[in-house]
Amino acid sequence: MLLRYVKDEHGATAVEFSLVVTPFIFMVIGIIEMALMFTSQSLLEASSSMAARQIRTGEIQIAGGNEEQAFRDQLCAMSDILIPCPEIQFQVINVDSFQEAEDFPPPTFDEDGNLENQTFDPGESEDIVMIRVAYRYPITTPMMAPFLNNDGAGNRLMLSTIVMQNEPYQWGG
């Protein structure tokens, strides 16, 4: 009777499945998390480039009004698909040369992870401007956080930096 019970394989597939399903589900969720993280980084880069173009061509400077809000609106127009607009932080700094931009100190963050020195100076015609855009992507998959976080708080800091020279825009009279 005992030998018959040991050789019985009814339910073996269910037991094997129960051992494999949990790691499989975590793996699938981790893949989805990574895809969303990389897509968010791409959106941040693309929206930074589009918003920087508005400064480079002088559209923001010539339009008048609140230049910083116009830049934020342009930045959020595309990135708002996956990135909440209020969580995007940026610096727009007018520098004297490309060498100064290269030697410029790296961005600093306070204890809450917020970008310090969030200045906004888009410069004028033919000025050199450095734009830094930062977003802290919250890692939601518990087992992925130790591997992906780079700010010590379970977030992935994403940073986009663009250094450019404004075009010679002399519109209006």
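Coordinate-derived values only; no laboratory data. Here the structure is a predicted model, which means the values were calculated and not measured. Virtual Cβ from ideal backbone geometry, glycine too; neighbours counted across all protein chains shown.
Residues in the range 111-120 carry Karplus couplings, in order, of 5, 8, x, 8, 5, 7, 6, 8, 7, 9 Hz; the curve used is 6.51 cos²θ - 1.76 cosθ + 1.60 with θ = phi - 60°, and Gly or Pro positions show x. Close amide H partners of Phe109, meaning residues 5 or more places away or on another chain with modelled amide H under 5 Å apart, are Glu116.
Neighbours of Pro168, meaning other residues whose beta-carbon lies under 13 angstrom from its beta-carbon, give a summed charge of -3 when Lys and Arg score +1 and Asp and Glu score -1. Below 12 angstrom from the Cβ of Leu159, what's the summed charge of the other residues (Lys, Arg +1; Asp, Glu -1)? With Lys, Arg at +1 and Asp, Glu at -1, the net is +1. Compared with the dominant principal axis of the Cα atoms in the chain, helix 12-56 is inclined by about 0°. Kirkwood hydrodynamic radius computed over the range 85-173 comes to 14.8 Å, based on all pairs of distinct alpha carbons.
For Rg/Rh (Cα atoms, Kirkwood Rh), computed directly from the structure shown, the correct entry in (i) 1.28; (ii) 0.98; (iii) 0.94 is (i). Each of the peptides 154-164, 140-150, 89-99 was scored by the mean count of other Cβ atoms within 10 Å over its residues; in descending order, highest first, they stand as 154-164, 89-99, 140-150. Using a Gaussian network model of the chain in which every pair of alpha carbons under 10 angstrom is joined by a spring, one finds that among Ala14, Ala52, Ala63 the greatest mean-square fluctuation is at Ala14. Sequentially through the range 98-104, phi angles give Karplus couplings (6.51, -1.76, 1.60; θ = phi - 60°) of 5, 5, 5, 5, 5, 8, 4 Hz, Gly and Pro residues having no value and appearing as x. On a 0 to 90 degree scale, rounded to 10, what angle separates helix 67-79 from the longest Cα axis of the chain? Helix 67-79 sits at roughly 30 degrees to that axis.
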